[in-house]
Amino acid sequence: MIKDKVILASASPRRKKMLEDCGIVFEIIPSDLLEIYPDTLSPIEIPVYLAEKKAESVKLKVKNKTIIAADTIVVLENEIFEKPVNESEAKLMLKKISGRSHDVITGVCIIDKHNKKHLFSETTKVFFKTLTDQEINHYIKNFTPFDKSGAYGVQEWIGLIAMERIEGSFYNVMGLPIHKVYEILSCIK
C-alpha cells in the first residue's frame, strides 16, 4: 500500500520489526544525535523535540526520501525515565514503576520527500503489578533493559508478568505508534 521506500532513523529492532510487519519498504540510517534537550520542555514535548532533531540529522544525509524518527520516554509523576545506564539505575526505575501506573510517551517526526514535517506524540498509560526484588533481578540479569526507556520492554518477560493493563496503543509502548505512522505514510503522494 505504501509504495515509496522510506528511511528509518533508528537502530531499534522493535521499530524495524513493526515497519516490516506493515509491509513498509525501508532502509535504516540511524541518527547519531546525542539525546539532549532543553530543560524547559515538558515531558510530552521532549520525545517530539528529540524525534524532530533525529529526523533532521538524517535528512541532511539523504535527499528526496521520507524519514521516520521517533523517541520514547517513560514518565512517572513528571519524573522522566530514559534508558538506564547501569544495573543500579535499571533496578531503581523498575522499583519506582512497580505497583503503579506510568505514561509511555513516543514522539514521532516524519519528514516526507517534499520536506513537509509531520510531528505528533502518543501517550499510553501502563499499569504494573507490584514486582518482587527477585523478579526485578531476574529480568535485569536475563533480558535487555539497558536499551529501553524505563528499563523494560513490554514485549519481554517483564511485560508478560507485570503489565496488568494499558490505556492506549500497545505498539506505542514498544516504541512506535505504528497505526499513526502508517496513516501518515499512506497519505504522502
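Assorted remarks:
- 0 to 90° range, to nearest 10: angle between helix 87-97 axis and the chain longest Cα axis: 80
- Phi angles across the stretch 100-107 convert, under the Karplus curve 6.51 cos²θ - 1.76 cosθ + 1.60 with θ = phi - 60°, into 3J(HN,Hα) values of 9, 9, 9, 9, 10, 10, 10, x Hz, Gly and Pro given as x.
- DSSP beta bridges in the stretch 1-102 [antiparallel fraction, %, rounded to 5]: 35
- Cα-based reach from Lys141 at 17 Å (exclusive), listing aspartates and glutamates while leaving out same-chain residues under 8 positions away: Glu87, Glu89, Asp133, Glu156
- Sorting the segments 171-182, 84-95 by their residues' average number of neighbouring beta-carbon atoms within 10 angstrom, most packed first, yields 171-182, 84-95.
- Label of the coordinate-derived value, Cα extents along the principal axes in Å, listed as [x] 51, 35, 27; [y] 55, 49, 34; [z] 44, 41, 33: [x]
- Cα-centre dipole for the stretch 6-187 with unit charges at Cβ (Lys and Arg positive, Asp and Glu negative), debye to 20: 480
- Sorting the segments 65-74, 127-136, 7-16 by their residues' average number of neighbouring beta-carbon atoms within 10 angstrom, most packed first, yields 65-74, 7-16, 127-136.
- Span from the the stretch 70-136 Cα centroid across to the the stretch 14-52 one, whole angstrom: 13
- For Arg100, distant residues with modelled amide H under 5 Å away: Phe128
- Kirkwood hydrodynamic radius (C-alpha pairs) into Stokes-Einstein, the stretch 71-162, 10 °C and 1.306 mPa s, D in µm²/s: 114
- Charge dipole of the chain about the Cα centre (unit charges at C-beta), most positive-ward option of Pro13, Thr130, Asn64: Asn64
- Relative contact order of the chain, defined on C-alpha pairs under 8 angstrom at six or more residues apart (%): 22
- Net charge contributed by nearby residues that have their C-beta within less than 12 Å of Gly175 (K/R +1, D/E -1): +3
- Count Lys and Arg as plus one, Asp and Glu as minus one, and take only other residues whose Cβ is under 9 Å from that of Leu185; the net charge is then -3.
Values in this text are rule-based calculations from the coordinates and carry no lab data. These numbers were taken from a predicted model, which means no experiment stands behind them. Note: ideal-geometry Cβ built from the backbone for every residue, glycine included; neighbour counts use all protein chains shown.
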